[in-house]
1. Past 26 Å, Cα to Cα, is the threshold; run 66/94; 29/73; 63/94 against it and keep the listed order.
2. Identify the GluC sites (Glu not before Pro) of region 1-68 meeting these criteria: DSSP loop state and at most 13 other C-beta atoms within 10 Å of the C-beta.
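Just so it is clear, none of the values below were taken in a lab; they were calculated from the coordinates. Owing to the predicted nature of the structure, the values given are computational and were not obtained by experimental measurement. Note that each Cβ is placed from the backbone with ideal geometry, even for glycine, and that neighbours are counted across all protein chains shown.
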Amino acid sequence: METDIALREVMVREVVTGDMELNVMDAVKMMRKCDVDSIVVFNNGGPEGIVTEGDIICELVNKDIKPSTVKLKDIMTTPLVTASPNDRLLDIAKKMAAERIRKMPVIDGDELVGIVADVDLISVSSEMNTALAELIEMNSVLTGLIEMNVERETCELVNEDEGIEESICEKCGSFAHYMEMEAGLLIREGCKYEIEFGVD
């Protein structure tokens, strides 16, 4: 995960909120309408707690309690564990793990400015892994090109008494399984004799 990215770069800025006196049924309708799975609970104009789908399932559905009879204040998680827009992703990931939470409201001063979820952090991590894989692939190609160039330079530096396996003769252009250096050229054995005896 890229650790130097500020939370403000990945947080969701549109946060669904509701008053603590709102009943859970109405809160669920708001969550469905906005396609979110949590609602930040306000009290006296400020964030007080949070209710997630998981809370609703655990506290109401599993206990067969009607959502319309329960208020957000009755099932909200409080006090809120919050983050700052300038916090770094790795710090927030560690904080979420330590607190065993999946959602974290982002507070700037006293104002709710966003919310971040574990999936947001995972998404950034996935993008970074993809970018890293591309860099590794680019590095691999570059390394291959460098190795090819080194091999070529090595061939050029081979002295005339040493042979090279499998290459193209620089005199006649034919492929041969064994090459030798002669008069500064990488040549096959037949061309070597032609050069030595002056045969064209």
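1. On the way: 66/94 36 Å; 29/73 17 Å; 63/94 32 Å.
From 66/94; 29/73; 63/94, over 26 Å: 66/94; 63/94.
2. Numbers: sites: 2, 9, 14, 21, 48, 53, 59; in loops: 2, 14, 21.
For GluC sites (Glu not before Pro) across region 1-68 that sit outside H, G, I, E and B with at most 13 neighbouring Cβ atoms in 10 Å, the list reads 14, 21.
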